[in-house]
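Have a look at the structure below before the remarks.
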Amino acid sequence: DSGVTQTPKHLITATGQRVTLRCSPRSGDLSVYWYQQSLDQGLQFLIQYYNGEERAKGNILERFSAQQFPDLHSELNLSSLELGDSALYFCASRLGRSNTDTQYFGPGTRLTVL
Amino acid sequence: TQLLEQSPQFLSIQEGENLTVYCNSSSVFSSLQWYRQEPGEGPVLLVTVVTGGEVKKLKRLTFQFGDARKDSSLHITAAQPGDTGLYLCAPWSYDGLTFGKGTHLIIQP
């Protein structure tokens, strides 16, 4: 158990819909990262938040957005869903900035868009 | 953007055999991390290599960082079914990790 929790574990929805994925980081970790993993693209970084503020953006679509709340949990919002958005979505958290600090990944949310 | 190539993409071997998987780039890494991801779970950090030529051992796993810091390898001795998983490499970054496509490893009993 990494200490990072994600809900829900599975999500099935239809094209055009909007969903929200939730992540609670490890206690004390200020940084939260979101990743998408699909068979064709592999594991890709989407976005990072640090202590409530957006810190870095990766390959995140404009239809996707995220935020980090004062209690440090984070939500990833996916809208106007397409079939190609079906993937595993992982959240990770990290304590600090050193290259000895570890990113701890949650168990993921499996999103299926029908 | 660093392009990472991991090879082989898939590997299926018998329990007890040895194997090596590779992570290569045309760019120099400041440091490199290896992760293992088991089915249905998130990636777990195995090791971080920092210095060119560095060798780190984790039980039956041996990680090597190339002298020029452009490549790395992971060698598993006497593979066990519990080693089955997706092995990913990524240059260390604070701003989000860029992973290779990984090596899917299956160890058959």
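The values are calculated or read from the model by the stated rules, or taken from the named source; none is laboratory data. What you see is a predicted model, and the numbers here were worked out from it, not measured in a lab. Cβ atoms come from the backbone with ideal geometry, glycine included; neighbour counts cover every protein chain shown. When the accessible area is computed, the model is the full protein with side chains, heavy atoms only, and any ligands, DNA or RNA have been set aside. Shrake-Rupley method; radii C 1.70, N 1.55, O 1.52, S 1.80 Å.
Key figures for this structure:
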item: Per-region count, region B:58-87, residues farther than 17 Å from B:Ser7 by Cβ and among the acidic types (Asp, Glu); result: 2
item: Selection from region B:87-98 of residues that are open to solvent by less than 20 Å² (accessible area, probe 1.4 Å) and within 9 Å of another protein chain (Cβ to nearest Cβ); result: B:Leu88, B:Ala90, B:Tyr94, B:Gly96, B:Leu97
item: Residue that is most open to solvent (accessible area, probe 1.4 Å) [pool: residues in region A:1-52 that are of a type in the set (D, E, K, R), modelled with pLDDT of 95 or more and over 12 Å from the mean Cα position of the chain (by Cα)]; result: A:Arg18
item: In region B:55-77, residue farthest from the other protein chains (Cβ to nearest Cβ) [restricted to those that are in a loop (DSSP other than H, G, I, E, B) and open to solvent by 40 Å² or more (accessible area, probe 1.4 Å)]; result: B:Thr77
item: Identity of the residue in region B:1-20, of a type in the set (Gly, Ala, Ser) and outside any loop (DSSP other than H, G, I, E, B), that ends up nearest to the chain's Cα centre (by Cα); result: B:Ser7
item: Out of A:Leu61, A:Leu81, A:Leu76, A:Leu43, sole residue that is part of a strand (DSSP E or B), farther than 20 Å from B:Pro91 by Cα and not β-branched (Val, Ile, Thr); result: A:Leu76
item: Enumeration of residues in region B:31-54 that are of a type in the set (Gly, Ala, Ser) and facing chain A (nearest Cβ under 8 Å); result: B:Ser31, B:Gly40, B:Gly42
item: Residue within region B:82-94 that is of a type in the set (Phe, Trp, Tyr) and assigned to a strand (DSSP E or B) present; result: yes
item: Residue in region A:47-65 that is of a type in the set (Lys, Arg) and touching a helix residue (DSSP H, G or I) at 6+ places or on another chain (Cβ under 9 Å) present; result: yes
item: Residue in region B:21-30 that is within 13 Å of another protein chain (Cβ to nearest Cβ), more than 13 Å from the chain's Cα centre (by Cα) and at pLDDT below 95 present; result: yes
